[in-house]
Amino acid sequence: MSAAKNVKKQKKNESMMKLTMRRLFRNKTAMLGLTILVVLLLIAILGPLIAPYSDIEQDLMNCYGLPSLQHPFGTDELGRDILSRLIIGSRASLEIGLVSIAGSAVIGIIIGCLAGYFGGTVDNVIMRFMDIFQALPPMVLAIAVCAALGPGVNNCILALIISGVPGFVRMARASVLNIRGMEYLEAATAINCSTARIIAKHILPNALSPLIVQITMGVANSILSASSMSFVGLGVQPPNPEWGAMLSAGRNFIRNYPHMVIFPGVVIMITVLALNMLGDGLRDAMDPKLKD
């Protein structure tokens, strides 16, 4: 009998997944965002192979070069090809965005599930601790942490992880509180399931939908934050390329050579827009109120 129930539950989960994917694939805006992200990831992976020039090679005879057939995006103050630096710099920008949001999500979801499941003193202690972190805006907190640890990619990622944890804790806690009183949790407790199994097998899968959407949106925010930190000199250090650092380097020449700022800014805008489009599509696809 239990085997039949498990098969039925598995089929139901598969049907819900198929329904969600069908809704997502029907959303042209989400598919456009996903396509752009796939292209950006391929560019980041193949960066050194497809970049027309070296990202650090200088050509002092061609400084501040305007866009041309030889250099489609122009050159910077040291004669380096901007297109090549954008292609290779995509690795650092996407790495910081993806790794930092993954770290924040894992830590925040675990802590949030514990707070929502146990409640009482555990919940109060965790949430008051999160209030301390949220006393400062996430960007200010990330800058403070990175300034204390020193500039660099690893410290930038760690700072963004720390600043992003409270948001995931609150989201995970709210999702767990919505399902904590469900009958299937009482049944799991009645048959002496361990706390870890209840959280991993029963709570987390049913609380995952809003968290997936937040993760998608969070990647966009992390990329923006990473660009902002590089802009103020706390992220990727020169001569290594990164979109925010390129914006920072070109801001002093924006009046005479606006191409040095326009192209990095457009790339950041397109990336964030694609992530937001995909996140909106996932939110709509996972909405149980929608009819197929």
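Rule-based calculations on the coordinates, nothing more; no lab input. The model shown is predicted, which means the values in this text are computed figures rather than measured ones. For neighbour counting, all protein chains shown are included, and Cβ atoms are generated from backbone atoms with ideal geometry for every residue, glycine included.
For the pair Tyr184 and Asn206 in one chain, pulling the backbone fully straight at 0.36 nm per residue adds 6.8 nm over the alpha carbon distance.
Dividing the mean sequence gap of close Cα pairs (under 8 Å, 6+ apart) by how many residues the chain holds gives a relative contact order of 25 percent.
For the stretch 197-208, putting each phi into the Karplus relation 6.51 cos²θ - 1.76 cosθ + 1.60 with θ = phi - 60° gives couplings of 5, 4, 5, 6, 9, 10, 8, 4, x, 7, 10, 7 Hz, in residue order, rounded to whole numbers and with x for Gly and Pro. Arranged from fewest to most other beta-carbon atoms within 10 Å of their beta carbon, Leu69, Leu149 become Leu69, Leu149. The trypsin sites (Lys or Arg not before Pro) of the stretch 144-247 that DSSP puts in a loop, and whose beta carbon has at most 16 other beta carbons within 10 Å, are Arg180.
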